[in-house]
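Below is one structure; the comments refer to it alone.
The values are calculated or read from the model by the stated rules, or taken from the named source; none is laboratory data. If you're wondering where the values come from, they're calculated on a predicted model, not measured in any experiment. When we count neighbours, we look across all protein chains shown, and the Cβ atoms used for this are built from the backbone with ideal geometry, even at glycine.
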Amino acid sequence: MLTFEKSESPFIIGQRLREHQFDTALILPNSPRSALECWHANIPRRIGYASRWRKWFLTDPIAPHPHAVPMHKRLPLDIEYRITNNLPPEKYPARAHHIHQYLHLAKQLGASDEPTAPTLRLKTPPSKNSGNPKIGLIAGAEYGPAKRWPTAHFIEAAKILIEKHQAQLLLLGGKGDVETATEITEALPAKHTTNLAGKTSLTQLVTTLAECNAVLTNDTGPMHVAAAVGTPVIAPFGSTSPELTAPGLPGDNAHQFLRTTAPCSPCFLKKCPIDLRCLNSITPDQAATAVARVL
């Protein structure tokens, strides 16, 4: 596996890729930069979606999947119009899920486009807690604050889970989530909380998620990891859409996705331009009830 720094230019990344003499690149991100990096690497065959500004860098530009839904960020006028007219939140068909878009690309290499649930298998099977449930809390989201369920809601939901289920809560996340995780930890009984935010390696995070009985999380990368190791996920969705990017297979009943009634959802914005009504409207009681449903 190769990793790259954010500061590295497409040219530098292309030079690093070139050293490995790859003959084919299946370019999943739908950005001009990802295609440009592979072009700089002189990879002979470059497969990706032929969106604007990037098709010139591809040898195999693929037309969009017939059920693809563009995730356009809402303009302020659109948000105002939808709220003024009290329109329902937009929902999308199951075939619009991104798993179908990625498999459509993989099909160009002869792979099947029939979806299977993403799965991570640990060398040592996880030991689920048979006593008081162990519940992961992930209150951060790298994309931006529009994806973050209010910290106060996490605290209140955690209090309900402690009171009703005597739950043991594990605060998880990266270095950027330490402050939020600490705020939640300090608001809860010490004997029921363990703050691991910013303290785990990727391997340790995967193992910890596998050992949880459930994970209450924002729409984050670890949400997908938790689902892939077989742990039920409970996730509030506001600025994004579970029909497009929920973990597991579309329609998977193992997980609970909490939907808003806000007319402007999903907006796909990093920062809410109004009052974050989409996530504020999802209550701690709803989240705690959803956790209880999967325990």
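Tabulated data
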read-out: Any hit, the stretch 20-40, residues being under 26 Å from the mean Cα position of the chain (by Cα) and within 30 Å of ASP275 (Cβ to Cβ); value: no
read-out: Helices (runs of 4 or more DSSP H) (entirely within the stretch 1-85) containing at least 3 residues that are of a type outside the set (Gly, Ala, Ser) and touching a Phe, Trp or Tyr at 6+ places or on another chain (Cβ under 6 Å); value: 32-40
read-out: Selection count, the stretch 28-52, where residues are out of contact with any helix residue (DSSP H, G or I) (no Cβ under 7 Å at 6 or more places or on another chain) and of a type in the set (Gly, Ala, Ser); value: 4
read-out: Residues of the stretch 134-170 that turn out to be modelled with pLDDT of 95 or more and of a type in the set (Phe, Trp, Tyr), as a count; value: 2
read-out: Candidate set from the stretch 41-56 (those that are surrounded by 18 or more Cβ atoms within 10 Å (Cβ to Cβ) and touching a Ser or Thr at 6+ places or on another chain (Cβ under 9 Å)); member that is farthest from HIS20 (Cα to Cα); value: ARG54
read-out: Condition met for LEU77 (under 13 Å from CYS267 (Cα atoms) and not assigned by TED's automatic domain parsing to the domain that holds PRO29); value: yes
read-out: Condition check for THR180: under 30 Å from SER265 (Cβ atoms), in contact (Cβ under 8 Å) with a residue 40 or more places away in the chain and under 19 Å from the mean Cα position of the chain (by Cα); value: yes
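Yes/no matrix, rows are residues, columns are (1) touching a residue at least 12 places away in the same chain (Cβ under 8 Å); (2) closer than 18 Å to THR151 by Cα; (3) assigned to a loop (DSSP other than H, G, I, E, B):
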site	(1), (2), (3)
GLU243	yes, no, no
GLY248	yes, no, yes
ALA254	yes, no, yes
THR261	yes, no, yes
PRO266	yes, no, yes
LEU269	yes, no, yes
LEU279	yes, yes, no
